[in-house]
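Student: I am attaching a structure below and will ask some questions about it afterwards.
Quick note: the coordinates plus some simple rules give every number you see, no bench work behind them. Bear in mind that the values here come from a model prediction, so they are computed numbers and not experimental data. Cβ atoms come from the backbone with ideal geometry, glycine included; neighbour counts cover every protein chain shown.
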Amino acid sequence: MALTRRQQWRIDKVQSEKIARSNKASIKAESNVDNNEAGHKGIVITRYGQRQLVELKSGEIFQAVSRQNIGFSVAGDQVLLQTTKEGEGIVTAIFPRKTELKRQERLIAANIDQLWLIVAIEPHYQFELIDRYLVIAEDSNLSINIVVNKIELSKNSEQLESDFSNYQELGYDVHFLSVKNETNLKEFKTKLVNKSHIFLGQSGVGKSSLVNSLIPDLELRVNEISSKSKLGKHTTTNTTLYHIPSGGDLIDSPGIREFQLDNLSEKQIVNGFREFKSLAGECRFRNCHHINEPGCVVKEAVELGEIHPNRYESYLNILP
Ligand SMILES: Nc1nc2c(ncn2[C@@H]2O[C@H](COP(=O)(O)OP(=O)(O)OP(=O)(O)O)[C@@H](O)[C@H]2O)c(=O)[nH]1
Ligand SMILES: [Mg+2]
Ligand SMILES: [Zn+2]
């Protein structure tokens, strides 16, 4: 949908106000930089508005703003931090990223190796929502697997398994867990060693509970972070990185209520469905939308039962 001139004007105004505020903050911090200092390498653990928390190798956490024009740093970013006189800091550089996770053009987190889509029995998983998340994940070229949490609430385990067998056949790893009853947590933990992971999914599925169960003393850490950032601690409002004691990092993110994909092109959507990708080039028409064109091999595969009808239905609903 195109924006009206008035809407565009408002967006530009808000943007320029934001930039002005951030410039002011960085100029203020800049005046306190100790120039004798080379800077420390650190990792961004969370970001809120103009500010971020940067953790150094020593474990010390600094509240920092960014130097003007170095770009937007997010959880997982490796940065250079110059400490300022008040014990705060200024981020002067962002190291090149291995990976980026974006939503609606907005950077969410950096340097992630593995993305986990968390769904649950309550709120009950919906195939279309799962597929929307998978399209985003496929677009970011990150490895993605699925966790089904709260399985102790399931009344029909056969149905549960069959609901996810298609995803397993497509090559997604599916873990059935109950954080509450500690079911299958041990095995899941072994999958996390020495990599950087992000938990994504609807609000209330248990992302933070899972992080909690994987990181002892998390409560302490959460308290430290919320006292430094002055943010609340009971609901996840910020994407935050935590260290796994045995190695590796976990990024918890706030649940997203409305998952819009309207910035994805049709090509990105098709690529988000693994089982379509290999077929799509073989349709009679090069610009086939796989809706009702003659000679469409995707449609054919649906009719032959090679593509799951739920997935095809999701595809039709996700198309703009
Ligand atoms: N029955 C049951 N409840 C669980 C389980 N895991 C988590 N919960 C509960 O689910 C609720 C939501 O958990 P959270 O961890 O806050 O969910 P979240 O995904 O982090 O939610 P947002 O931060 O809003 O995105 C809490 O009341 C948890 O106690 C489980 O395995 N079984
Ligand atoms: Mg949470
Ligand atoms: Zn087609």
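Student: Using a simple spin-label model with points 7 Å from Cα along the Cα→Cβ vector, what separation in nm is obtained for L218 and S143?
Tutor: 2.2
Student: Would you grab the residues whose amide H sits under 5 Å from the one on F176? Only those 5+ places off in sequence or on another chain, please, with H modelled 1.01 Å from N.
Tutor: Residues meeting the criterion, in which the H sits 1.01 Å from N, are V148.
Student: Counting only DSSP beta bridges with both residues in the chain, tell me the antiparallel percent, nearest 5. Write out the running numbers ahead of the final one.
Tutor: Values: 30 of 52 bridges.
Bridges in the chain that DSSP calls antiparallel: roughly 60 percent.
Student: Please report, in whole Å³, the volume per residue of the convex hull around the C-alpha atoms of the chain. Don't skip to the answer; put the middle values down first.
Tutor: On the way: hull volume 49.6 nm³, N = 320.
For the chain, the hull spanned by Cα atoms encloses 155 Å³ per residue.
Student: Based solely on C-alpha atoms, express the radius of gyration and the Dmax of the range 271-320 in angstrom.
Tutor: My reading of the Cα-based Rg and Dmax gives 9.8, 26 Å.
Student: More than 20 Å apart: what percent of Cα pairs in the range 100-252 qualify? Don't skip to the answer; put the middle values down first.
Tutor: Details: 5750 of 11628 pairs.
Percent of Cα pairs beyond 20 Å in the range 100-252: 49.
Student: Under 8 Å for C-alpha pairs, at least 6 residues apart: give me the relative contact order for the range 100-252, rounded to a whole percent.
Tutor: Numbers: 221 pairs, mean separation 37.6, N = 153.
Taking the mean separation of contacting Cα pairs over the length of the range 100-252, I get 25 percent.
Student: Going by C-beta contacts inside 10 Å, put D131, D163 in order with the fewest on the left. Mind dumping the intermediate values first?
Tutor: Numbers: D131 21, D163 18.
Least crowded to most crowded, the residues run D163, D131.
Student: Something else about it: Counting other beta carbons within 10 Å of each residue's own, what order do T190, T84 fall into, fewest first?
Tutor: On the way: T190 8, T84 21.
Fewest to most other Cβ atoms nearby, the residues stand as T190, T84.
Student: Taking only C-alpha pairs under 8 Å that are 6+ residues apart, what is the relative contact order of the chain in percent?
Tutor: Computed value for the chain: 14 percent relative contact order.
Student: Calculate for the chain the 222 nm mean residue ellipticity that helices alone would give, adding -39,500 (n - 2.57) per DSSP H run of length 4 or more and normalising by residue count, nearest 500 deg cm²/dmol. Each step should come with its number before you reach the end.
Tutor: Details: 10 runs with 109 residues, N = 320.
So the helix-based figure for the chain works out to -10500 deg cm²/dmol.
Student: Continuing with the same structure: Of V14, V79, V270, how do they rank once you tally other Cβ atoms within 10 Å and put the fewest first?
Tutor: Numbers: V14 10, V79 23, V270 20.
If I rank by nearby Cβ atoms, fewest first, I get V14, V270, V79.
Student: Would you mind estimating how fast the range 39-96 diffuses translationally, via Stokes-Einstein at 20 °C and 1.002 mPa s with the Kirkwood radius over Cα pairs, in µm²/s? Could the numbers behind the result be given before it?
Tutor: Working: Rh = 10.8 Å.
Approximately 199 µm²/s, per Stokes-Einstein.
Student: Here's another thing I want to ask about it. When DSSP assigns beta bridges and you keep just the ones with both residues in the range 100-252, what percent turn out antiparallel, to the nearest 5?
Tutor: Details: 9 of 28 bridges.
Taking every DSSP beta bridge with both residues in the range 100-252, the antiparallel ones total about 30 percent.
Student: Read phi for every residue in the range 110-126 and hand back ³J(HN,Hα) as whole Hz from Karplus 6.51 cos²θ - 1.76 cosθ + 1.60, θ = phi - 60°, with x for Gly and Pro.
Tutor: 3J(HN,Hα) across the range 110-126, in whole Hz: 10, 6, 8, 9, 9, 10, 10, 8, 9, 10, 8, 6, 9, x, 5, 4, 10.
Student: How large is ³J(HN,Hα), in whole Hz, for each residue of the range 293-299 in order, when computed from phi with the Karplus curve 6.51 cos²θ - 1.76 cosθ + 1.60 and θ = phi - 60°, using x for Gly and Pro?
Tutor: 6, x, x, 8, 6, 5, 4
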